[in-house]
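Novice: One structure follows; several queries about it will come next.
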Amino acid sequence: MHQDERGHALTTSSSTAAEEIDLAIHNFLHWKSDVVPHVGASLEADPDFAFANVVSGLIMHGARNVHFRKKIEGSLAKAQECAAGLSEREQLYLNALEASAAGRITEAVSLYETILAKSPVDLFAQRLAQMELFWIGEMDWSEQISRRCAAHWNESVPSYGVHLSCRSFDLEETHNFAEAEALGRKSVDIDPTDVWGTHSVAHVLIMQGRHDEGIQWIDSLKHNWADSNQMVLHLWWHRCLFHLERGEFDEVLHIHDTWVRNRELPLLVSMPDLYIDMQNGASMLLRLELRGVDVGNRWAELEELTLKRLDDHTSPFTSPHFAIILAATGRFDEANQLLASMRAFADHDRGTFGPRYVSAAIPAAEAALAHRCGEHGKVIELLLPARHQLWQMGGSHAQRDLFFLILADSILKEGRTDLIGIILDDIERAGFADAASRIGYREAETLVH
């Protein structure tokens, strides 16, 4: 029987298939770009390797693109066809793929929890659980999972640093900043290429207003990312946040054009519309515009990609960003098509996402359109009652802040000084230190006093 690097059984007669899927998972855990070729090599060595088919389906599911649905279903069908003889652990992964493909995300997470209950160092399950929970806003749940696993980890377990970076991010999103920073820095000490640990520390620094340190942190590690996946581009997005807070708008535009949305970069050539990259671009351009910066024609390449995704409801957080892009480029007919599709999906979905579209994604998308149209009273009507539900879209506190910035801008434009204190309280409740000092809220704070 073959085993992965942490001793879990892999049900295949081919040592090559086992080695290749173990390497694919290793690279996935370490945020390397070289994952899919190793899955393909595993399946080439043993097309009936059910677990490799499951891994293929789960990785495609994680890309959150409706156009991958047929491939996901194909991987699932092949895995089911070859499922005889699977270990209990592998069968649970297959069940998780079934649930994920059907949109039952919380069911999939509970299956990962079941795997971890018996195999607490099964890092693939921990990472998949965190990924799913992050994109539905359930980071308290994710923190519970990593806390239960933590006692079973030490330096002798392969990829210990990755566990630390996952644990660090759970702690950051649940406002345990000191421990999050310590574990994130330790993960990077173990492996300077650990972009997830780098990312977690960057989150702590932005939440605590440590912008100079944030720039230095990312700058000191940027040479370690040559083999990393799109998380590199998100780290550059984080660097934009630090420069934005310092009012260095030209530097933000430079980083945007060089890294965040440089369509000549191999990562963006291979997949220009990966959901997080689309979010990065839309979010940063709108943040700049809210500061009065002319971003030129930079919305156009995002528009081109978004027009192909009007019926994509694989991510409650991405859909409002699609609305932002369409509104920014004057595509209001298509934006309304997107909204109609979101509403229809929410009406019929019986999985995890439907209710989240109703409570968070749809109000956020409607508010983005209203804001672009200058209907600031409508923005307030939409977001003020929905703002405490926006976490259900998923994303981080730092990412969801975009919609509070939109609301704050509309409050100012409507002259609603009575509401400013509420928003400043919301920002500090989200974990941002000294909300009134942040660039998007300074003007509002001056009107309160």
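Novice: If I take every Cα pair under 8 Å that is 6 or more residues apart in the chain, average their sequence separation and divide by the length, what percent do I get for the relative contact order?
Specialist: Answer for the chain is 12 percent.
Novice: Here's something else I'd like to know. Under the definition of Cα pairs under 8 Å and six or more residues apart, what whole-number percent is the relative contact order of segment 273-449?
Specialist: Rounded, it is 18 percent for segment 273-449.
Novice: Let me ask you something else. Name the long-range amide H neighbours of S228: under 5 Å, sequence gap of 5 or more, or other chain; modelled H, no Pro or chain starts.
Specialist: Answer set, sorted by chain and number: S33.
Novice: Shifting gears a bit: Hey, how many Å between the Cα centroid of segment 397-449 and the Cα centroid of segment 1-40?
Specialist: Taking the Cα centre of segment 1-40 as reference, the centre of segment 397-449 is 47 Å away.
Novice: Where a ≥ b ≥ c are the square roots of the eigenvalues of the C-alpha gyration tensor, would you call segment 133-292 rounded, which needs a/c under 1.5, or, failing that, prolate if a/b is larger than b/c, or oblate?
Specialist: Judged from the Cα gyration tensor, segment 133-292 comes out prolate (a/c at least 1.5, a/b above b/c).
Novice: Related question: Answer with a single label: of [x] 21.7, 64; [y] 22.6, 71; [z] 21.6, 72, which was calculated as Rg and Dmax of the Cα atoms in Å from the structure in view?
Specialist: [z]
Novice: Next question, about the same structure. Calculated from DSSP H runs of 4 or more alone, at -39500 (n - 2.57) each and per residue, what is the 222 nm mean residue ellipticity of the chain, nearest 500?
Specialist: When only DSSP H runs of four or more count, the value is -20000 deg cm²/dmol.
Novice: Where Lys and Arg each count +1 and Asp and Glu each count -1, what net charge lies around A45 among other residues with Cβ under 9 Å from its Cβ?
Specialist: Charge balance in the 9 Å sphere: -4.
Novice: Quick one: among I276, I427, I439, which has the greatest mean-square fluctuation in a GNM of the chain with alpha-carbon springs under 10 angstrom?
Specialist: I439
Novice: Once each part is reduced to its C-alpha centroid, what is the distance from segment 302-319 to segment 203-263 in angstrom?
Specialist: 24 Å
Novice: Once the other residues with Cβ under 9 Å from the Cβ of W391 are scored (Lys, Arg +1; Asp, Glu -1), what is the net sum?
Specialist: 0
Novice: Still on this structure, I have one more. Taking neighbour counts of Cβ atoms within 10 Å as a proxy for exposure, in what order, fewest first, do L424, L412 appear?
Specialist: Going from least to most buried by this count: L412, L424.
Novice: OK, next. If we count other beta carbons within 10 Å of each Cβ, what is the order of E304, E107, fewest first?
Specialist: Going from least to most buried by this count: E304, E107.
Novice: Under a 10 Å cutoff between Cα atoms, tell me which one of N297, N53, N280 has the largest fluctuation in the Gaussian network model of the chain.
Specialist: N297
Novice: Rounded if a/c is under 1.5, else prolate if a/b is larger than b/c, else oblate: which is segment 1-135, with a ≥ b ≥ c the root eigenvalues of its Cα gyration tensor?
Specialist: Note, shape of segment 1-135 comes out rounded.
Novice: Another question, if that's okay. Could you tell me the number of lysine pairs in the chain with C-alpha atoms less than 25 Å from each other, where the two lysines are 8 or more residues apart or belong to different chains?
Specialist: So the count of such lysine pairs works out to 9.
Novice: What residue among A18, A83, A323 has the largest mean-square fluctuation in a Gaussian network model of the chain, using Cα springs under 10 Å?
Specialist: A83
Novice: Could I ask something else about it? Angle between the Cα long axis of helix 362-372 and the longest principal axis of the chain, 0 to 90 degrees, nearest 10?
Specialist: The angle comes out at about 40 degrees.
Novice: Can you list the HN-Hα couplings for segment 243-258, worked out from phi with the Karplus curve (6.51, -1.76, 1.60; θ = phi - 60°), rounded to whole Hz and with x for Gly and Pro?
Specialist: 5, 4, 5, 8, x, 8, 5, 5, 5, 4, 4, 4, 5, 4, 6, 8
Novice: Here's something else I'd like to know. Taking the Cβ of D294 as the center, what net charge do the other residues with Cβ under 15 Å away carry, scoring Lys and Arg +1 and Asp and Glu -1?
Specialist: That works out to 0.
Novice: Through the Karplus equation 6.51 cos²θ - 1.76 cosθ + 1.60, θ set to phi - 60°, convert the phi angles of segment 289-298 into ³J(HN,Hα) values in whole Hz; use x for Gly and Pro.
Specialist: Listing the rounded values in order: 4, 5, 9, x, 8, 7, 9, x, 9, 5 Hz.
Novice: Does segment 273-449 come out rounded, prolate or oblate by the C-alpha gyration tensor, with a ≥ b ≥ c the root eigenvalues, rounded set by a/c under 1.5 and, if not, prolate when a/b is larger than b/c and oblate if not?
Specialist: Judged from the Cα gyration tensor, segment 273-449 comes out prolate (a/c at least 1.5, a/b above b/c).
Novice: Residues with amide H under 5 Å of H2's amide H, sequence separation 5 or more or different chain, H placed in the peptide plane at 1.01 Å from N; which?
Specialist: It is L10, T12, by chain and number.
Novice: Between helix 105-118 and the chain, what is the angle of the helix's C-alpha long axis to the longest principal axis, kept within 0 to 90° and rounded to the nearest 10?
Specialist: Between the helix axis and the principal axis of the chain, the angle is about 50 degrees.
Novice: Can I ask one more? Hey, fewest Cβ within 10 Å first, where do C373, C240 land in order?
Specialist: C373, C240
No lab work stands behind these numbers, since they all come straight from the coordinates. It should be emphasised that the depicted structure is a prediction, and the values quoted were computed from it without experimental measurement. Glycine also receives a Cβ, built like all others from the backbone with ideal geometry; neighbour counts cover every protein chain displayed.
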